[in-house]
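Here the structure comes first, spelled out in structure tokens, and everything after it is commentary.
The values are calculated or read from the model by the stated rules, or taken from the named source; none is laboratory data. Predicted model only: the values in this text are computed from it and were never measured. Here the Cβ positions follow ideal geometry from the backbone for every residue, glycine too, while neighbour counts run over all protein chains shown.
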């Protein structure tokens, strides 16, 4: 076994062990324990369902599942991106004392919140079974979904973490941006796309875009990565019989875009991590 293989296995073991430890200890000492991780998405689901169901419940088939799947994907994105910033403060004593690749902390964060998402997804599976929606035959898509959402969330998280020590306002700014992004993501309302995604995107770029504020928001809602991610997941798990699952080309292209974004973000994070000790 080469030195690089040994180092990779050691780093992988470190990430898995620390991530599992953070997952287990996250709610240790609290009365309700892990149930607190379910509180936020459950309350958000109940409130949004109560408010929006009279308006879009009849328009969207299986609206409770539609809404819940969107919420847990959104929760994973926001919790992961925020945790990438807070980890630099929570692990400050470790960073100051032990020399190691700081990007390992990003993977630890991603693994911890992936475990949380999987428990939420298990609840979604149980709800789908109760509603009579066959999910199990399409679970082959789950690893693709986990990869895409992890690349996207950790990519954004690394960009934020790379500068959050130098510019302390970033955490407050991201709180505002994430609230805006929540309403500009089709979580509780229908996602409208007339035709294949890439064909509609090319048509929009060729001149069908209306240069108004409403037109800008419409384009952003349809083509921003979170919208595509959530829509693809719903197509596979809820509407495969009516909308059809995403094509192989679409899955490869979107995954590649997420991977490129993740790679560029990792490059920025690694370069900026050299200055973390000076910025504490």
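Some notes on this structure:
- Pairs, first modelled with pLDDT under 70 in the range 19-48, second surrounded by fewer than 14 Cβ atoms within 10 Å (Cβ to Cβ) and in a loop (DSSP other than H, G, I, E, B), C-beta under 6 Å, six or more apart: 27/33
- One residue from 179, 171 being in contact (Cβ under 8 Å) with a residue 24 or more places away in the chain, surrounded by fewer than 16 Cβ atoms within 10 Å (Cβ to Cβ) and assigned to a helix (DSSP H, G or I): 171
- Sole residue being modelled with pLDDT of 90 or more and not in a helix (DSSP H, G or I), chosen from 72, 60: 60
- Every test in (1) at pLDDT below 85; (2) more than 24 Å from residue 163 (Cβ to Cβ); (3) crowded, with 19+ Cβ neighbours inside 10 Å is passed by residue 16 save one, and that test is (3).
- Residues in the range 233-261 that are crowded, with 20+ Cβ neighbours inside 10 Å and either under 20 Å from residue 110 (Cβ atoms) or out of contact with any helix residue (DSSP H, G or I) (no Cβ under 9 Å at 6 or more places or on another chain) (or both): 233, 254, 258.
- Count of residues meeting criterion [part of a loop (DSSP other than H, G, I, E, B) and either at pLDDT 95 or above or under 15 Å from residue 145 (Cβ atoms) (or both)] in the range 240-261: 3
- Boolean, residue 235 is under 30 Å from residue 93 (Cβ atoms) and either without any contact (Cβ under 8 Å) to a residue 60 or more places away in the chain or assigned to a helix (DSSP H, G or I) (or both): no
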